[in-house]
1. Might you check whether a residue that is more than 14 Å from DNA strand D (Cβ to nearest atom) and away from chain B (no Cβ under 14 Å) occurs anywhere in the range A:66-79?
2. Quick test of your reading of the structure: B:Arg102 fulfils all but one of (1) within 23 Å of A:Glu228 (Cβ to Cβ); (2) more than 9 Å from chain A (Cβ to nearest Cβ). Name the failing condition by number.
3. For the range A:149-162, check the following and say yes or no: at least one residue is in contact with a Pro (Cβ under 7 Å, 6 or more places away or on another chain), within 7 Å of chain B (Cβ to nearest Cβ) and in contact (Cβ under 8 Å) with a residue 60 or more places away in the chain.
4. Can you find, within the range A:171-193, the residue that is farthest from B:Trp129 (Cα to Cα) among those that are basic (Lys, Arg) and surrounded by 15 or more Cβ atoms within 10 Å (Cβ to Cβ)?
5. Of the residues A:Leu61, A:Leu65, A:Leu92, which single one is outside the structural domain of A:Leu239 (by TED's automatic domain parsing) and touching a residue at least 40 places away in the same chain (Cβ under 8 Å)?
6. Can you go through B:Gly131, B:Gly168 and tell me which one is buried (at least 20 other Cβ atoms within 10 Å of the Cβ) and under 15 Å from the mean Cα position of the chain (by Cα)?
7. Name the single residue, out of those in the range B:25-51 being of a type in the set (D, E, K, R) and more than 11 Å from DNA strand C (Cβ to nearest atom), that is farthest from the other protein chains (Cβ to nearest Cβ).
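The values are calculated or read from the model by the stated rules, or taken from the named source; none is laboratory data. A quick note: this is a predicted structure, and the numbers were derived from the prediction, not measured. Neighbour counts are summed over all protein chains in view; Cβ atoms, including those assigned to glycine, are modelled from backbone coordinates with ideal geometry.
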There are 2 protein chains.
Amino acid sequence: MESQDIDRTLGLLWRRTLGTPQGSRGPKQRATIDEVVRAAIAVADEEGLPAFSMRKVADRLGLKLMSIYTYVPGRSELIGLMVDEVAGEQKLPPHEGPLRQRMTRVAEQLWDEFHRHPWLLQVENSRPWIGPNVSDRYEWQLAAIEGAGFTDLQMDQVVTLLSGFTAGMARASVDARRTAERSGISDAEWWEINAPVLERVMPADAYPISGRVGRVAGEEYNAIDDPERTFRFGLDRLLDGLEQFVNG
Amino acid sequence: MESQDIDRTLGLLWRRTLGTPQGSRGPKQRATIDEVVRAAIAVADEEGLPAFSMRKVADRLGLKLMSIYTYVPGRSELIGLMVDEVAGEQKLPPHEGPLRQRMTRVAEQLWDEFHRHPWLLQVENSRPWIGPNVSDRYEWQLAAIEGAGFTDLQMDQVVTLLSGFTAGMARASVDARRTAERSGISDAEWWEINAPVLERVMPADAYPISGRVGRVAGEEYNAIDDPERTFRFGLDRLLDGLEQFVNG
DNA sequence: TCCTAACTCCGTATGCCTTACGGAAATGGT
DNA sequence: ACCATTTCCGTAAGGCATACGGAGTTAGGA
């Protein structure tokens, strides 16, 4: 990545703060950066990040492929803009109520976002872009636990914790949903093909606990798992632990 | 995916149980499936999953690209074999000690595995393959909490919980490590370019808590974060919550 | 012994992808 | 009126997975 690309991308991220800095010599652009970013988000929402391509973004805007590169430096920078854009979709209402309720809202907000935009879970996060919406949200997340009894260091850890936990559980949830909606071979067919091989190869007494637990889980949940309930269960345990830490 | 591919891949996954079923008409294969899988793991370890390609696996074995397809049906099936293979690297020692220690080991084992093979965090997990090592490990994970007071349903939830939590935190950790090792622009250069823009755009009073917390975290950890400590802190809170749930 | 079915290895081709480069045309400042 | 600047985009290079078919190798059966 070139340093001028970094500069340019930062300018795009903070475009609403900085205003549009261009000298306006040449032809007018037929689209706007916001339209490009929104089109890109739409493509990723519909098809996921692996199938997300510059060409599909261009098609959606009635532009040809290479024109997209006059709006953004490249694919990965565009993804950075998409991440900050969707981080701005949620409201960040003033915090109220007890600590537990505040932390719950922080986690729930991320849970919702991951389900609205499952491709967020596939974004490579080394060297994350620092954009306005991501920054605002981090401030809001910290504000949720400000004054609760954590040190500054612990505040950062708690936010990282709630985010990482929620991301991990959302990944399981989103994967399960994708499996259910998967085109091609259906779930039933899948098991029809798997079952005979697995029965031959996994004698029941080799997996006594898995067998029992899997049977119960399969009856209780209609399919494989109920990720939302697992998220709630885990979040409650994690919050119990955090409350205990603050109070004790 | 064709149903015959599913059958074939299951056969490959359970190859040690099933034996090699081939009629042996044609020429002998120059490599073995195990060599292919091990070469593939080596490529992914060194370059990550996006840069992992069938050609690189072939090169490493002295074969030409298309020969790989006589060993495995395709790229995604090969990745399935890799996942099960690395799941077999860890020992699954008999459980001992109190519940907390057992759960800690379950989480630590995954934490280590994610750091030994960071590409595991990039694997698409819808419709996971059911292989022998993954199955054995699930049984072992359940055994860790058997008899601790959870219902069967809760046992599955707790294992999912520990796995998901650990995956979420490991992702942050691995991303941070990748950033540190990143070639191209160094961390220092990165911030040198970011700083002037961000200072102009993020006045200190707009982000009072982030500013304070970020400063403290930046001093305490030398760079951005210390993911291992955050993982430990979070795991302790989660285990506190789970113990409280079991005991009360 | 020898034929032939089955199998391995791999060259070629198709159709994706990102992105570098350069040309044509449009536009606004001077 | 000119021309620097900018947009749009065609082309091409170099990457990817994988379908298809051909050539050569091997073992089993006649």
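1. As a first pass, look at the range A:66-79 and keep what is more than 14 Å from DNA strand D (Cβ to nearest atom): A:76-79.
Filter once more, keeping what is away from chain B (no Cβ under 14 Å): A:78.
Yes - at least one qualifying residue is present in the range A:66-79.
2. (1)
3. no
4. Looking at residues that are basic (Lys, Arg) and surrounded by 15 or more Cβ atoms within 10 Å (Cβ to Cβ), I get A:Arg171.
5. On the way: A:Leu61 fails: touching a residue at least 40 places away in the same chain (Cβ under 8 Å); A:Leu65 fails: touching a residue at least 40 places away in the same chain (Cβ under 8 Å).
Within the list A:Leu61, A:Leu65, A:Leu92, the selection yields A:Leu92.
6. Numbers: B:Gly131 fails: under 15 Å from the mean Cα position of the chain (by Cα).
Only one candidate qualifies: B:Gly168.
7. The first filter runs over the range B:25-51 and keeps only residues of a type in the set (D, E, K, R), leaving B:25, B:28, B:30, B:34-35, B:38, B:45-47.
Adding the requirement that they be more than 11 Å from DNA strand C (Cβ to nearest atom) leaves B:34, B:38, B:45-47.
Details: B:Asp34: 18, B:Arg38: 22, B:Asp45: 17, B:Glu46: 16, B:Glu47: 14 Å.
Among those residues, the one meeting the criterion is B:Arg38.
Rundown of residues vs (1) closer than 27 Å to A:Gly164 by Cβ; (2) among the hydroxyl-bearing types (Ser, Thr, Tyr), yes/no style:
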position	(1), (2)
B:Ala39	no, no
B:Ala51	yes, no
B:Thr104	yes, yes
B:Trp119	yes, no
